[in-house]
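Comments concern the structure below.
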Amino acid sequence: MSLQELRYAEHSPTEWNVGFDWSADHSNTTIGSGAPARAAPIRMPLRSGWQAQVEAKLAKLTLLQRGWDGYDAAPPSVLVTAFAMSVLNSVMKPATPAPSIVPTHGGGVQLEWHVGGLDVELMIYRPFEAELSVEFSDGQPAVEERPLTTSFDSLGEVLEKLA
Amino acid sequence: MAGFVLPKDGDGEVTPHNHPDLIDDRRLIRRISGDYIVRDDNRGGNRISSAAFKNDPRRGYLSVDSEKCITDKGADPVAWVTSPQWRGALVISVEHVRGIDPATTDKDRWLIGMVPLPDNGCHGAIWGKITAGQSNDLQRLSDWLVPIPGVEKLIPVNGE
């Protein structure tokens, strides 16, 4: 399934608000070979250090077999991993440390950062259905499973502290 | 327990229940896949993710193994739950699991029962919402049954 199909399969375009430009090629390549002769090639920005790492991990997770957890867990779907990548593209800075990514027994993924005195966890159950948990080492009140659907600004604000 | 019949729905699927064998100090085993290991720079090492014990009831139950069921079959729990793929396992008493359950009424309590599978007759389940915080508490109250080298488990706070 293409990303475009994913977009329409899950929600209408107006609901999509996680900041990822689905129409862009985010690989570190020069494009324009199919453009008119006079058009200058478009150079896409260099990918951040975390992007290749995250993409590789997410791709690996989709290859898990059913029962990967020793029981009967399904692997994360391509829909879930594509959504996870889109969320990260919308909130991560180039210097933000890459998250650890673990599959969940319900077929989702969890993104985790345990660094800088913060324990940040974003559980993605399925596209547009996630929960944010944050624990602070300085005694600030913890965030316990705040539901997030289309806006991930609160995650971005927390990750700002790590960039 | 002899005489107890697993409750099933019209499709023959086991429905949520409390199994009479899973009480008090009887222990539940949770296999720990290498996929659950995450880097923790705050604590300086690798640790088990909270995802290992989290559960969302909309997506089913949390799988476990019943230690009593395994030993009743004359099998070794360590051999039963580990393989080159599933390297580690944690074990926790039902009493400790019940102690983490935030429910204040019987109808809201987590249910702990048995759901035998074709390849695992000692497969059990915990039904109910388990949050990140509760998951970490379950991890803290667990003991390693099969430790994973180089991986730390969360430890009880204040020497509980």
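A short reminder: the numbers here are calculations on the coordinates, not readings from a lab. Nothing here was measured: the structure is a model prediction, and the numbers come from that model. Cβ coordinates were reconstructed from backbone atoms using ideal geometry, including for glycine residues, and neighbour counts include every protein chain displayed.
Across chain B, the mean sequence separation of Cα contacts (distance under 8 Å, 6 or more residues apart), normalised by length, yields a relative contact order of 31 percent.
Taking every DSSP beta bridge that has both ends in the stretch B:27-155, the antiparallel portion is near 95%. For the stretch A:47-160, just say rounded, prolate or oblate: build the C-alpha gyration tensor, square-root its eigenvalues into a ≥ b ≥ c, call rounded for a/c under 1.5, and beyond that prolate if a/b exceeds b/c, oblate if not. Prolate shape, in that a/c is at least 1.5 and a/b is the bigger ratio. Here the scattering of chain B is modelled by Debye summation over its C-alpha atoms, one equal scatterer each and no solvent; at q = 0.13 Å⁻¹ the log10 of I(q)/I(0) is -0.61. By how many degrees, between 0 and 90 and to the nearest 10, does the Cα long axis of helix B:132-141 differ from the longest principal axis of chain B? For helix B:132-141, the angle is close to 90 degrees. Taking the number of Cβ atoms within 10 Å of each Cβ as an exposure proxy, the fewest-first ranking of A:SER77, B:SER33, B:SER142 is A:SER77, B:SER33, B:SER142. Using the Cβ-Cβ distance between B:ASP72 and A:SER154 with R0 set to 45 Å, the FRET efficiency from 1/(1 + (r/R0)^6) comes to roughly 0.40.
Each of A:LEU122, B:LEU111, A:LEU132 has some number of other Cβ atoms within 10 Å of its Cβ, and from fewest to most they run B:LEU111, A:LEU132, A:LEU122. When each of B:THR105, A:THR149, A:THR96 is scored by the number of other beta-carbon atoms lying within 10 Å, the sequence from fewest to most is B:THR105, A:THR149, A:THR96.
Averaged over its residues, how many other protein chain Cβ atoms are within 10 Å of peptide B:130-137's Cβ atoms?
Shielding by partners across B:130-137 averages 4.
Build a GNM of chain B with springs between Cα atoms under 10 Å apart, and of B:ASN120, B:ASN42, B:ASN55 the one that fluctuates most is B:ASN42.
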